[in-house]
Protein chains: 2
Amino acid sequence: MSSRPAAHRAHLLAHRPDRGSTEPLLRWTEVPTPAVGPGQALVRTELLSVDPASRVFMSEIRSDLPPVAIGAVMRGYGIGQVVESRRADLPVGARVSGWTGWQEYQLADDAQLEEPFTVLPQPSRGTAPVPSEHALGVLGLTGITAWLGVESTDPRPGETFLVAAAAGAVGSVAGQLARERGARVVGIAGGSDKCRYVVDELGFDACVDRHDPRWREILDAATPDGIDADLETAGGEIFDRVLTRITPGARIALVGMIADYHADPQRRHGLRNLIEVAEQRAVVRGLLVTDHSDRFEEITSQLAIRLTDGRLRAVHDVVDGLENAPAALDRVFDGTGRGKILVRVHSSDDER
Amino acid sequence: MSSRPAAHRAHLLAHRPDRGSTEPLLRWTEVPTPAVGPGQALVRTELLSVDPASRVFMSEIRSDLPPVAIGAVMRGYGIGQVVESRRADLPVGARVSGWTGWQEYQLADDAQLEEPFTVLPQPSRGTAPVPSEHALGVLGLTGITAWLGVESTDPRPGETFLVAAAAGAVGSVAGQLARERGARVVGIAGGSDKCRYVVDELGFDACVDRHDPRWREILDAATPDGIDADLETAGGEIFDRVLTRITPGARIALVGMIADYHADPQRRHGLRNLIEVAEQRAVVRGLLVTDHSDRFEEITSQLAIRLTDGRLRAVHDVVDGLENAPAALDRVFDGTGRGKILVRVHSSDDER
């Protein structure tokens, strides 16, 4: 079998955000498919994860990975299948996860990539295979982020746990995990439909619709005893209001600040209530999931158990076609998505 | 001996800050000296501490203590002597520390005060008595705050420790303690005189003059390897710049944010770089010294050892006369003071 076309499609980074240009940030084009040399394999992308971090990669915000170079293929994490191989650990047909990029084919060359591709675990005998969507969602980096965020903020029975973007990939999982610990769980989400979903389907105790002009007062009313633990993904005005509700000794896990992913600080929200962290002796802890790779196996096992026994509900929002990846990323930021947002690049079965 | 006058002078809170009034915040007036009932004693104030927290007490910023009521005596911590007593634990002549208030006499009544007065330790046989200034400075809450702040940010040999208000009560002690641990210590202070003092007298490795229009670039140059540990007392624009220099895993102790002590959030600096805490996986820990009273004895012993053997230099700036307490507080905020700022209310020896 030779699945390798001479050229394939990719999104290249054309401009950085926040530079005032109205041109698209990405250029959708054809690039040559690389030849497979010794110690290399070729992976065909099936599913691509789009995340808040994608925006960081495009910008010059300081992070653990360097910004994507202008003209380079956009960085992204995905799942694919090995279609050509000259290395024993990645045989043809193996299904793998790794930095596929926003493109149809990626060369699996450990010397060139930030980290090696990993072969997806085989299902145990007699169990159903884990859907790829889960491997990039609740059993992937977003689920692990939610787990670590809940663990780090340690919500206890009777305490109030808050998560913004409650219908999103991280928030939806985190709220369910915090509730399992006995905390009162309050979410913030965009729109009354989403809020109903968060309460009725995911079991949150309350949800604040941030599209309601009175959202600040509604948040206050939904947290009558204050906020003891906050998994922060939103930043901006919402986080500023959350800070006014924290209790003495509150724990905040700072996973992201979607509202503030601008390299130009002047475009970010000016946070005015951090003084509450001093006065309330709170702790704000920056959390990056990839620092904790030694715990991934343990955490995904815990999440898989909960997914299987029904304690945890996982939601995906799959956008079809790599050409639609920029639109999928917009959904991450405009809050129109629900759960983990993914892009289907190739069906995993075609050509088989 | 009866030292009790019928009336004494006090500063009463007249207005809250940030209300747009140009009237003085405090009213300097006479109040009746209370009679001493059973279980009470009368303390004559000798030295009064003025602190950034004084501003918090005047305002309606949420804190561990309620705001001072309008018309009430301004809250303050000081040292005094018992001049009348109907309780055995506070005999006449005893020198005590506690919430004296900004007034000449305070009734030591445990039911009415936030915490009881404490008798100052007697000097050990053969050692000199600790000057009262030390008991309110390096061996009091400011020194303990510096100790806890350094402990909490854990600067290690070769790391860079930063403290703003480096010539101030907390900063001057913290920098010396961090240097003892082997860290490279960088201070920020207002004016080239103060910066020279911080480097030449206190032994800091570098000092950034925040009055220099190029202070941002100077800070960058003074921290070529970034900032690993920050004891934050300043807030405002300085903290915002410090955040752009933090290294992965940086530790920040948020002790105060002098620039941001406004009850009206709109008057505070809008902090734009907290996203760095997420991206750098830093920890920001709010620290309130009074939460750690079980450790005061241990920590003051450690500080006293260093004061005695010369490892630690302590500086006070004593303003004479209770009437000048508001001006002394201004010095805390305008940065014209050096070291711990105190107000001498009564000499400890007059009338003896």
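The values are calculated or read from the model by the stated rules, or taken from the named source; none is laboratory data. Note that this is a predicted model, so its numbers are computed, not measured. We place every Cβ from the backbone using ideal geometry, glycine too, and count neighbours over all the protein chains shown.
Could you check the range B:295-334 and list, in sequence order, the residues that are of a type in the set (A, V, I, L, M), without any contact (Cβ under 8 Å) to a residue 24 or more places away in the chain and under 25 Å from B:Pro121 (Cα atoms)?
The answer is B:Ile305, and nothing else.
Hey, can you tell me all the residues within the range A:14-45 that are of a type outside the set (S, T, N, Q) and over 25 Å from A:Val82 (Cα atoms)?
Within the range A:14-45, A:Ala14, A:His15, A:Arg16, A:Pro17, A:Asp18, A:Arg19, A:Gly20, A:Glu23, A:Pro24, A:Leu25, A:Leu26, A:Arg27 meet the criteria.
Could you tell me whether the range B:219-228 includes any residue that is within 18 Å of the chain's Cα centre (by Cα) and under 21 Å from B:Asn273 (Cα atoms)?
Going through the range B:219-228, the residues within 18 Å of the chain's Cα centre (by Cα) turn out to be none.
No, because not a single residue in the range B:219-228 is within 18 Å of the chain's Cα centre (by Cα) and under 21 Å from B:Asn273 (Cα atoms).
Counting residues that are more than 14 Å from every other protein chain (Cβ to nearest Cβ), which strands (runs of 3 or more DSSP E) fully inside the range B:269-349 reach at least 3? Before the answer, list the steps.
Numbers: elements: B:283-286, B:316-320, B:340-344.
The qualifying strands (runs of 3 or more DSSP E) are B:316-320, B:340-344.
Looking only at residues in the range B:22-69 that are crowded, with 20+ Cβ neighbours inside 10 Å and acidic (Asp, Glu), which one is farthest from the other protein chains (Cβ to nearest Cβ)?
B:Glu46
In the range A:256-268, how many are at the interface with chain B (Cβ under 9 Å from one of its Cβ atoms) and either closer than 19 Å to A:Cys207 by Cβ or among the aromatic types (Phe, Trp, Tyr) (or both)?
Matching residues across the range A:256-268 total 1.
Exactly one condition in (1) within 18 Å of A:Leu342 (Cα to Cα); (2) of a type outside the set (Ser, Thr, Tyr); (3) touching a residue at least 40 places away in the same chain (Cβ under 8 Å) is not met by A:Ile70; state its number.
(1)
Of the residues that make up the range B:137-146, is at least one more than 14 Å from every other protein chain (Cβ to nearest Cβ) and closer than 22 Å to B:Arg9 by Cα?
no
How about the range A:230-248: which of its residues are at pLDDT below 95 and either at the interface with another protein chain (Cβ under 10 Å from one of its Cβ atoms) or in contact with a Gly (Cβ under 6 Å, 6 or more places away or on another chain) (or both)?
Scanning the range A:230-248 gives A:Thr233, A:Gly235.
If B:Ser293 meets every condition in (1) modelled with pLDDT of 95 or more; (2) surrounded by fewer than 17 Cβ atoms within 10 Å (Cβ to Cβ); (3) at negative phi; (4) small (Gly, Ala, Ser) apart from one, which number is that one?
For B:Ser293, the exception is condition (1).
Which of the residues that make up the range B:80-95 are in contact with a Lys or Arg (Cβ under 7 Å, 6 or more places away or on another chain) and either part of a loop (DSSP other than H, G, I, E, B) or among the β-branched types (Val, Ile, Thr) (or both)?
Going residue by residue through the range B:80-95, those that are in contact with a Lys or Arg (Cβ under 7 Å, 6 or more places away or on another chain) are B:80-81, B:83-84.
Once the filter is applied, which keeps residues that are in contact with a Lys or Arg (Cβ under 7 Å, 6 or more places away or on another chain) and either part of a loop (DSSP other than H, G, I, E, B) or among the β-branched types (Val, Ile, Thr) (or both), the range B:80-95 yields only B:Val83.
Which residues, counting only those in the range B:1-18, are over 25 Å from the mean Cα position of the chain (by Cα) and either under 20 Å from B:Val56 (Cβ atoms) or not hydrophobic (A, V, I, L, M, F, W, C) (or both)?
Across the range B:1-18, the qualifying residues are B:Ser2, B:Ser3, B:Arg4, B:Pro5, B:His8.
Would you mention how many residues in the range B:172-202 are assigned to a helix (DSSP H, G or I), under 18 Å from B:Val242 (Cβ atoms) and in contact with a helix residue (DSSP H, G or I) (Cβ under 6 Å, 6 or more places away or on another chain)?
2
Cβ-Cβ below 6 Å, separation at least six or inter-chain, first residue in the range A:96-118 and on the phi > 0 side of the Ramachandran plot, second assigned to a loop (DSSP other than H, G, I, E, B) and of a type outside the set (Phe, Trp, Tyr): which pairs?
Matching pairs, first to second residue: A:Gly101/A:Gly76.
So B:Asp110 fits all but one of (1) within 22 Å of B:Val255 (Cβ to Cβ); (2) surrounded by fewer than 19 Cβ atoms within 10 Å (Cβ to Cβ); what number is the exception?
Unmet condition: (1).
Evaluate the range A:225-242: report whether one residue or more is in contact (Cβ under 8 Å) with a residue 60 or more places away in the chain and among the polar types (S, T, N, Q).
Within the range A:225-242, one or more residues are in contact (Cβ under 8 Å) with a residue 60 or more places away in the chain and among the polar types (S, T, N, Q).
I'd like the full set of residues that are farther than 27 Å from A:Ala259 by Cβ and at pLDDT below 85, limited to the range A:314-352.
A:Ser348, A:Asp349, A:Asp350, A:Glu351, A:Arg352
Could you list, in sequence order, the residues of the range B:215-225 that are of a type outside the set (Asp, Glu) and either assigned to a helix (DSSP H, G or I) or exposed (fewer than 11 other Cβ atoms within 10 Å of the Cβ) (or both)? Step through it out loud before you land on a result.
Here is the first cut: in the range B:215-225, the ones of a type outside the set (Asp, Glu) are B:215-216, B:218-219, B:221-224.
B:Trp215, B:Arg216, B:Ile218, B:Leu219, B:Ala221, B:Ala222, B:Pro224 - these are the residues of the range B:215-225 that are of a type outside the set (Asp, Glu) and either assigned to a helix (DSSP H, G or I) or exposed (fewer than 11 other Cβ atoms within 10 Å of the Cβ) (or both).
Does any residue of the range B:63-72 turn out to be out of contact with any Cys (no Cβ under 9 Å at 6 or more places or on another chain), farther than 28 Å from B:Val170 by Cβ and among the charged types (D, E, K, R)?
No: zero hits.
Can A:Ala325 be described as surrounded by 20 or more Cβ atoms within 10 Å (Cβ to Cβ), within 16 Å of the chain's Cα centre (by Cα), more than 29 Å from A:Val150 (Cβ to Cβ) and among the small types (Gly, Ala, Ser)? I'd like the intermediate steps shown before the answer.
Numbers: surrounded by 20 or more Cβ atoms within 10 Å (Cβ to Cβ): yes; within 16 Å of the chain's Cα centre (by Cα): yes; more than 29 Å from A:Val150 (Cβ to Cβ): yes; among the small types (Gly, Ala, Ser): yes.
So A:Ala325 passes the test.
Give the range B:68-79 a look and list any residue that's within 21 Å of B:Asp51 (Cβ to Cβ) and in a loop (DSSP other than H, G, I, E, B), or say none.
B:Val68, B:Ala69, B:Ile70, B:Ala72, B:Met74, B:Arg75, B:Gly76 - these are the residues of the range B:68-79 that are within 21 Å of B:Asp51 (Cβ to Cβ) and in a loop (DSSP other than H, G, I, E, B).
Among all residue pairs at least 6 apart or on different chains, which show Cβ distances below 7 Å where the first residue, located in the range B:243-268, is free of Cβ contacts under 8 Å to residues at least 60 places away in the same chain and the second is surrounded by fewer than 22 Cβ atoms within 10 Å (Cβ to Cβ) and among the aromatic types (Phe, Trp, Tyr)?
none
One residue is enough: does the range A:73-84 have a residue meeting the conditions out of contact with any His (no Cβ under 7 Å at 6 or more places or on another chain), among the small types (Gly, Ala, Ser) and within 14 Å of chain B (Cβ to nearest Cβ)?
no
Listed here are the residues, each with its yes/no results for (1) crowded, with 18+ Cβ neighbours inside 10 Å; (2) not small (Gly, Ala, Ser).
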{"position": "A:Tyr77", "(1), (2)": "yes, yes"}
{"position": "A:Gly101", "(1), (2)": "yes, no"}
{"position": "A:Glu115", "(1), (2)": "no, yes"}
{"position": "A:Gly140", "(1), (2)": "yes, no"}
{"position": "A:Trp147", "(1), (2)": "yes, yes"}
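When residues of the range A:141-169 are filtered for being touching a Gly at 6+ places or on another chain (Cβ under 7 Å) and closer than 15 Å to A:Leu287 by Cα, how many remain?
2
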